[in-house]
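One structure is given below, encoded as structure tokens.
Coordinate-derived values only; no laboratory data. This structure is a prediction, so every number in the text was calculated from the model and none was measured. Cβ coordinates were reconstructed from backbone atoms using ideal geometry, including for glycine residues, and neighbour counts include every protein chain displayed.
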Amino acid sequence: MALTREEVEHIALLARLELSEEEKERYRGQLSAILEHVAALQALDTSQIEPTSSVLPRRSRLREDEACAGLETTQALENAPASEKDQFRVPPVLG
Amino acid sequence: MNPMAALTDLDVKECLRTLDSGQVSSVELTRAFLKRIERLEPEIRAFITLTPERALDEARKADERRAALEKTGEDTPPLLGLPITVKDVLCVKGVRATCGSKILENFCPPFNATVVQRLLDAGMVILGKTNTDEFAMGSSTENSAYGVTHNPWDLSRVPGGSSGGSAAAVAARFAPAALGTDTGGSVRQPASFCGVTGIKPTYGRVSRYGLIAYGSSLDCVGVLARSAEDAEYLLRLMAGYDPRDATTIDVPVPQTACHAKGHLKGLRVGVPKEYFITGIQPEVERAVREAVGVLGELGVEIVEISLPHTEYALPVYYLIAPAEASANLARYDGVRYGLRVEEGGMPEMFFRSRGRGFGAEVKRRIMLGTYALSAGYYDAYYGQAQKVRTLIRADFDAAFEKVDAVAAPVAPTTAFPIGGHGDDPLAMYLEDVFSLPANLAGVPGLAFPVGFDQDGLPIGMQLMGRHFEEDTLFRIAHRFQQVTDWHVCAPTL
């Protein structure tokens with residue numbers, strides 16, 4: 001399962017990752033090797049098997065639906081790279 | 001003998017007894033550990049952030065509280081004044097939580113993780129935040145943006161990972177116990193490499209609120225200590241339903257299973273043949289088989305079993321964990337917290353903040369996970385991995401019909417040299433081959449030392465048990481540790 005350079009660029013685009021030319025080439029080789037390894041799973045017949053998305057052995061309990069205090073605005077903004085008027089400030093979305 | 005050195009040799013139970021008896025104060029105990037850290041940390045590098053002032057302040061408050069409670073005759077909280085370290089993927093209010101990543105270099109959580117809060121309520125003193133592979137992705141702690149942690153038994157070797165800082169801290173006697181996390185072996189494998197005892201609890205036993213997420217269907221918070229008895233004591237204080245984590249299960253936390261004379265007759269332990277494969281270091285196999293023999297002498301019935309899908313755990317894990325990681329790590333976009341590289345507009349900010357903030361292994365797993373979830377490949381990769389995960393769970397269900405616990409090596413080898421796997425991710429992933437199945441099945445796993453190889457490096461064995469039956473594992477390991485002394489061996493530093 002050898003990935004092409006275009007596929008690597010497409011995945012990086014989906015993942016919103018800026019990669020250098022050198023990284024693209026390295027990941028192309030490494031991801032191809034990993035995909036070849038995981039292809040071993042294809043040998044198993046799982047047509048009658050249900051997928052596992054959670055291993056929780058019993059149903060989880062939900063808390064009462066009651067309003068409770070969350071983070072204060074100032075706390076929520078403490079780690080913001082930039083904020084303004086109690087909001088997160090970001091660069092222009094549309095150039 | 002240097003009295004300070006003696007204090008740092010105490011384990012959790014001994015520290016608490018010494019504090020309770022009034023022989024030492026928490027300030028004295030905390031200072032002793034901080035002194036040892038100051039002397040040896042330049043060689044070990046177990047910490048990302050040390051918090052000595054905070055620790056001494058908490059210790060002083062613990063001493064005052066103890067004095068006040070003694071006056072009124074009230075009970076003291078169970079850990080009052082006990083120094084512990086916290087892995088840097090868990091939130092401690094007001095102390096930066098980096099996850100070993102540049103992208104969170106300056107992130108300072110505004111709240112405590114539930115496990116941290118519970119142990120603070122019980123009286124713990126936090127010495128600092130320990131090193132980890134970036135976002136807990138790794139098996140050697142080499143993937144940290146804050147440097148490599150060195151194995152206290154041999155400084156040229158890795159401590160294991162991703163809780164390598166936690167394991168090294170306990171082995172180096174920087175603290176009697178350390179909080180860690182285990183997504184694919186990240187408590188058990190470093191415990192094994194550093195000769196300490198570590199528990200990965202049942203999925204759902206311990207709250208993950210305030211644990212910075214990696215693979216949400218796999219992540220567990222655990223603890224590393226010097227004995228099964230200490231690990232059990234701390235786990236019981238951490239465990240239990242948390243309204244802030246919908247994946248915690250409301251089952252009672254059992255009373256201690258570490259009884260001084262608890263016998264093991266009537267228990268059955270299975271030894272899975274798939275865990276003794278070609279490529280395993282012969283000394284590891286020998287030590288584990290000898291430890292199983294000791295269990296036999298203690299009255300355990302030993303049964304050969306099969307977990308036939310073991311070989312598929314690695315490919316299943318390396319699809320499911322990266323897939324979940326790619327979703328969990330989508331939140332690091334430079335908007336609300338973490339690194340922001342502001343060049344151009346918003347889309348450029350996303351690409352550049354993530355491209356420069358994440359390290360090589362994290363980017364690799366995000367890429368792998370994104371691919372496994374992408375249109376056209378979802379069924380063949382992620383979907384198939386989820387189905388094979390069902391088969392791995394079924395292996396354990398069938399085994400636990402016949403046995404009460406499964407005994408196996410934690411890792412195929414002892415600690416490998418720093419840089420030993422170069423830039424070969426697949427070789428590194430193969431280190432996890434024996435630790436991944438427990439996470440995929442959600443069962444508890446307890447790792448503890450059972451010997452040394454010819455280079456003097458510790459060898460670990462793990463016991464895996466039924467869901468929510470950690471007590472069986474503790475009972476067996478505690479009895480083993482009463483008749484052996486591997487767990488009390490310390491590295492020469």
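For this structure, a couple of remarks:
- Remark: mean inter-chain Cβ contacts per residue of A:73-82 equal 5, using a 10 Å Cβ-Cβ cutoff to other protein chain atoms.
- Separation of alpha-carbon centers, the range B:270-306 and the range B:355-410, rounded to whole Å: 25 Å
- Karplus-derived 3J(HN,Hα) values for the range B:488-493, using 6.51 cos²θ - 1.76 cosθ + 1.60 with θ = phi - 60°, are 9, 5, 10, x, 8, 10 Hz; glycine and proline are entered as x.
- Value of relative contact order over chain B, rounded to a whole percent, pairs C-alpha under 8 Å and six or more apart: 18 percent
- Taking 7 Å steps out from each Cα toward its Cβ at A:GLU78 and A:VAL93 produces label points 2.9 nm apart.
- Subset of B:LYS87/B:LYS265; A:LYS24/B:LYS200; B:LYS13/B:LYS87; B:LYS35/B:LYS129; B:LYS13/B:LYS200 violating a 28 Å alpha-carbon distance limit: B:LYS87/B:LYS265; A:LYS24/B:LYS200
- Residues of the range B:146-161 falling in the label zone of B:THR492, defined by backbone nitrogen less than 13 Å from a point 7 Å along Cα to beta-carbon, are B:153-154.
- Annotation: amide H-H contacts under 5 Å for A:SER83 (H modelled 1.01 Å from N, sequence separation of 5 or more, or interchain): A:ARG89.
- B:THR256-B:THR278 FRET efficiency (beta carbon distance; Förster radius 30 Å; 0.05 resolution): 0.15
- When peptides B:130-141, B:65-76, A:80-91 are sorted by average Cβ neighbour count within 10 Å, with the highest value leading, the order is B:130-141, A:80-91, B:65-76.
- Rounded to the nearest whole Hz, the Karplus-based 3J(HN,Hα) values (6.51 cos²θ - 1.76 cosθ + 1.60, θ = phi - 60°) of the range B:317-334 follow the sequence 4, 7, 9, 5, 5, x, 4, 5, 5, 4, 6, 4, 8, 5, 5, 8, 10, x, with x at glycine and proline.
- Longest to shortest principal axis, alpha-carbon extents of the protein assembly as shown, angstrom: 68, 60, 51
- All Cα pairs of the range B:353-410, percent lying beyond 17 Å: 62 percent
- Counting only other chain Cβ atoms within 10 Å of each residue's Cβ, the peptide B:422-431 averages 2.
- DSSP assigns beta bridges within the protein assembly as shown; of those with both partners inside it, close to 70 percent run antiparallel.
- For chain A, the spread of Cα positions along the three principal axes, ordered from largest to smallest, is 53, 47, 21 Å.
- Overall form of the range B:341-493: oblate. Here a/c, set by the Cα gyration tensor axes a ≥ b ≥ c, is 1.5 or more, and a/b is not larger than b/c.
- Cβ-Cβ distance of B:ALA68 and B:GLU38, R₀ of 30 Å, FRET efficiency by 1/(1 + (r/R0)^6): the value works out to about 0.45.
- For peptide B:374-386, the mean count of partner chain Cβ atoms within 10 Å of a residue's Cβ comes to 3.
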